[in-house]
Each structure stands twice: as C-alpha cells, then as structure tokens.
Amino acid sequence: MCDKIMKLEKKLRRLRILHNMTQAAVAEQLGVSSQTVSKWERGLLSPDIALLPKIALLFKCSIDSLFDMELVWGGEHRQEFEAKIHELHAKKDWEGVYQAWIQEIELNPDTYKNYPDVMLHVLRKKLYDKNHVDKMLSLADHAEKCCTNDDIRNEIYRIMLQLCSESDNPRIKEKGKYYYQKLPKLRHSREVYARFVMEGEEYRAQLLKNIIYTIDLTECSVRQLIRPEMSNEEKLFYYQKAAALYETILDGKYAGFYDPPLLYNYCEIAAIYMKMGQSGVASNYINYIFNALEKHIVDLQKETKSKLLYSTILPNSVSTEQICITLLKNMLKKPELELFKGEISVMLERFCQYCNVK
C-alpha cells in the first residue's frame with residue numbers, strides 16, 4: 001500500500017498542473033513567494049501546517065488527500081465512523097450525530113457524498129435553528145462551487161430547498177427558491193418540490209404545468225416505442241395508449257397547443273385500421289380529428305377549455321393552427337386515407353380560410 005503513496009512535493013505539482021496554474025498563480029493565492037512554491041515542488045521545503053487548509057481549498061481536495069492518507073486509513077476510518085454514527089443513533093443523540101458528520105466533512109471536505117447525509121439529518125430531525133441552517137447553507141454553497149458530480153449537487157439542492165422552506169426567515173425562504181430553480185426540470189423531477197417554495201395560485205399554476213410536462217413526456221415516450229418492423233396490431237396498441245393519455249385529461253374540450261399530438265395519434269390509428277381493412281373504425285377516428293379541429297374554428301367551443309390542459313403554456317415557435325394545417329396536408333398524402341381525401345380537403349379549406357392562410 002505504501003508504494004502507492006505519492007510524495008507531497010509530487011502531489012502539489014500534479015495538482016497545480018491539473019488546475020492549469022503556474023507557480024506564480026499558486027503563490028499569489030496562498031500569499032507566499034514563487035520561490036517558496038518551487039521549493040515545495042522540489043522537496044526542499046514543506047508547506048507550513050497553517051497553509052494546508054488553504055492549499056486543500058485551492059485545489060478542491062481534502063488535507064488528507066494531500067498526503068494520500070485515504071490510501072492508508074480510509075477504509076478503516078470509514079468503518080469506525082459508521083459505527084460511531086450507529087451508536088449515536090441508538091442513543092438518539094441527534095446533536096451528536098450532527099457534530100460527527102460536521103467533523104467528518106471538515107476532515108474530508110472534498111468527499112461531497114457526505115454533504116447530503118448531514119443535510120438530510122438536519123431536515124429529518126428538524127434542527128431548524130439559525131446555527132444549523134447557516135452551516136448547511138455554507139456547505140451547499142461550497143459544494144455548488146466545487147463539486148463536479150451532478151447527481152450529488154442535485155441531491156443537495158433537493159434537500160436544501162425543503163430545509164429552507166421550513167424557515168420563517170425571508171432570506172432563507174428565497175434561498176430555497178434558488179435551489180428549486182437549480183434543479184433540472186425532468187431528470188430530477190424538480191416540479192414535485194414546488195410545494196416547498198410556492199403557494200396559492202402560483203402553486204396551482206405549477207401543478208397544471210406539472211401535468212403538462214408529465215403527459216407530454218409520457219406520450220412522446222410511448223410513441224418512441226413504435227418500430228417500423230412491428231405488426232399493425234402492435235403499432236395500434238401503442239398509438240392508442242399514447243392517445244389515451246391526452247384523452248384522459250382533455251375530456252373532449254378545447255386544448256389549443258395540446259390538440260395536435262392527440263390528432264397525430266388519431267391519424268396514425270385511422271391509417272392502421274385502413275390497412276387492416278376496418279374502414280368503419282378508421283372513419284370514426286377521422287371524425288374525431290374533424291371534431292377537435294371544429295373547436296379551433298368555432299369561438300364558442302374555445303371557451304369550453306380543458307381544465308387540466310389547454311393553450312400554449314409551453315413556448316412554441318410554430319402556431320397551433322399551422323401545425324393543424326400541416327397535419328391535414330400530410331393526411332392528404334397518406335395513401336391509406338385515400339377514401340377520406342374529399343372530406344379532408346374540405347376541412348383543410350375551411351381551416352385555412354378561418355386562419356387566413358392561402
């Protein structure tokens with residue numbers, strides 16, 4: 001094991017090069033001369049012990065890692081630490097658990113996977129006093145600047161926004177909103193945490209957006225399961241499932257921007273039924289498309305909007321009407337829908353007239 005330990009002088013030089021820093025730049029950050037840094041790297045001089053925390057912070061590592069101490073006692077130390085935490089939990093010494101975690105982080109500040117653990121402990125045991133919360137904010141700020149692991153950072157954001165929401169301090173509550181905004185929208189499910197930073201109409205509006213995000217993603221994912229080599233029956237199954245997602249929340253009412261995905265599915269379902277020789281069922285789906293388009297043409301029907309899903313809440317560079325026109329034009333090109341060409345042409349002409357499109 002000792003053969004793997006890198007001497008301090010070599011470690012300092014390697015860290016400096018990894019951070020694309022010159023000896024002069026390191027010297028300026030640490031308040032020493034370039035000659036001193038040069039002597040460190042040549043093994044002629046060792047850094048003063050008081051400078052070790054600054055060196056560790058500069059290179060975003062722990063003091064222990066400067067001497068490769070993790071290689072010597074990392075595994076043994078971790079076992080001892082976990083045993084200590086277990087013992088404190090058995091005694092229900094929550095402050096003791098907190099202090100143990102803080103000491104562990106101070107010993108290994110670049111082991112960021114420890115940060116969510118202490119933050120979760122503070123949240124679960126409701127250690128909401130100023131000292132505990134301020135310390136967590138300090139750790140979160142440090143991790144945001146130095147931690148390169150996206151999953152760990154997002155876990156910190158999720159816990160901290162919940163912790164901040166419990167505070168009566170406006171500054172801390174605002175910080176919770178900051179952490180909420182830092183979370184990615186879908187991958188880490190930021191939206192489910194809206195209740196910690198919003199209330200009233202703002203929260204209700206966010207819930208409606210959550211539905212949109214969820215339905216839109218799920219419907220798109222279901223359609224992506226369809227492959228050209230599938231049988232008509234298999235394709236039909238997936239298109240009908242995709243359509244059902246929108247049908248469930250639209251209740252047959254005007255949905256604006258969110259009508260086209262449903263109409264696209266209806267178009268594909270109608271084409272498949274024609275391939276299967278079931279023109280009567282295909283005709284029903286063509287009529288579903290026409291009925292939905294009527295809601296865009298008749299102003300009175302626009303007033304009966306879907307309560308859960310409607311309008312262009314999400315930004316879109318192409319108007320809903322143009323998308324619908326493109327859909328009708330594509331339907332005219334589908335050989336499977338030749339039987340309905342006349343009806344589709346009539347609807348296309350009406351729709352273009354309403355939208356003032358030539």
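Derivation of every value follows stated rules applied to the coordinates shown; laboratory data play no part. All values reported here derive from a predicted model rather than from experimental measurement. Virtual Cβ from ideal backbone geometry, glycine too; neighbours counted across all protein chains shown.
Here's the list of lysines a cross-link from Lys10 could span, going by alpha-carbon distance under 29 Å and ignoring same-chain residues fewer than 8 apart: Lys39, Lys54, Lys60, Lys113, Lys145. Across the options Val133, Gly31, Ala270, the greatest Cα extent toward the positive end of the charge dipole of the chain (unit charges at beta carbon of Lys, Arg, Asp, Glu) belongs to Gly31. Compared with the dominant principal axis of the Cα atoms in the chain, helix 94-107 is inclined by about 80°. Taking a straight Cα-Cα cut-off under 15 Å and skipping sequence neighbours fewer than 8 places away in the same chain, the aspartates and glutamates within cross-link reach of Lys173 are Asp129, Asp134, Glu199. Hey, how much of the P(r) for the stretch 84-197 falls beyond 24 Å, as a percent of Cα pairs? When all Cα pairs of the stretch 84-197 are counted, 23 percent exceed 24 Å. Cβ crowding within 10 Å ranks Trp40, Trp101, Trp94 as Trp94, Trp101, Trp40, fewest other Cβ atoms first. The spacing between the stretch 139-157 and the stretch 218-284, judged by their C-alpha centroids, is 42 Å.
Calculate how steeply helix 8-18 sits against the longest principal axis of the alpha-carbon atoms of the chain, using the helix alpha-carbon long axis, and give the answer as 0 to 90 degrees to the nearest 10. Roughly 30 degrees between the two axes. For the stretch 84-197, the relative contact order comes to 19 percent (Cα pairs under 8 Å, sequence separation of at least 6). For the stretch 226-299, the dipole from Cβ point charges (+1 on Lys and Arg, -1 on Asp and Glu) about the Cα centre works out to 120 debye, to the nearest 20.
Each of Cys146, Cys324 has some number of other Cβ atoms within 10 Å of its Cβ, and from fewest to most they run Cys146, Cys324. Note on Lys329: lysines with a C-alpha under 25 Å away, same-chain residues under 8 apart excluded, are Lys235, Lys241, Lys253, Lys275, Lys295, Lys302, Lys341, Lys358.
The charge dipole of the stretch 151-288, taken about its Cα centre with unit charges on the Cβ of Lys, Arg, Asp and Glu (plus for the first two, minus for the last two), comes to roughly 460 debye.
With each pseudo-label sitting 7 Å past Cα toward Cβ, what's the Asp141-Lys39 distance in nm, one decimal? For Asp141 paired with Lys39, the spin-label model returns 3.5 nm.
Please state the shape class of the stretch 2-67: rounded when a/c is under 1.5, otherwise prolate if a/b exceeds b/c and oblate if not, all from the C-alpha gyration tensor. The shape class here is rounded. If you take all C-alpha pairs in the stretch 202-355, what percent of them are over 23 Å apart? The answer is 37 percent, as a whole percent. The eigenvalues of the Cα gyration tensor, multiplied by 5 and square-rooted, give the chain an equivalent ellipsoid with semi-axes of 61, 25, 20 Å from largest to smallest. Taking the C-alpha atoms only, the angle from helix 130-146 to the longest principal axis of the chain is near 80 degrees. Counting other Cβ atoms within 10 Å as a rough exposure proxy, the listed residues Phe340, Phe351 run Phe351, Phe340 from fewest neighbours to most.
With an 8 Å cut-off on Cα pairs and a minimum separation of 6 or more residues, tell me the relative contact order of the chain in percent.
Result for the chain is 9 percent.
If you put +1 on each Lys and Arg Cβ and -1 on each Asp and Glu Cβ, how big is the dipole of the chain around its Cα centre, in Debye rounded to 20?
580 debye
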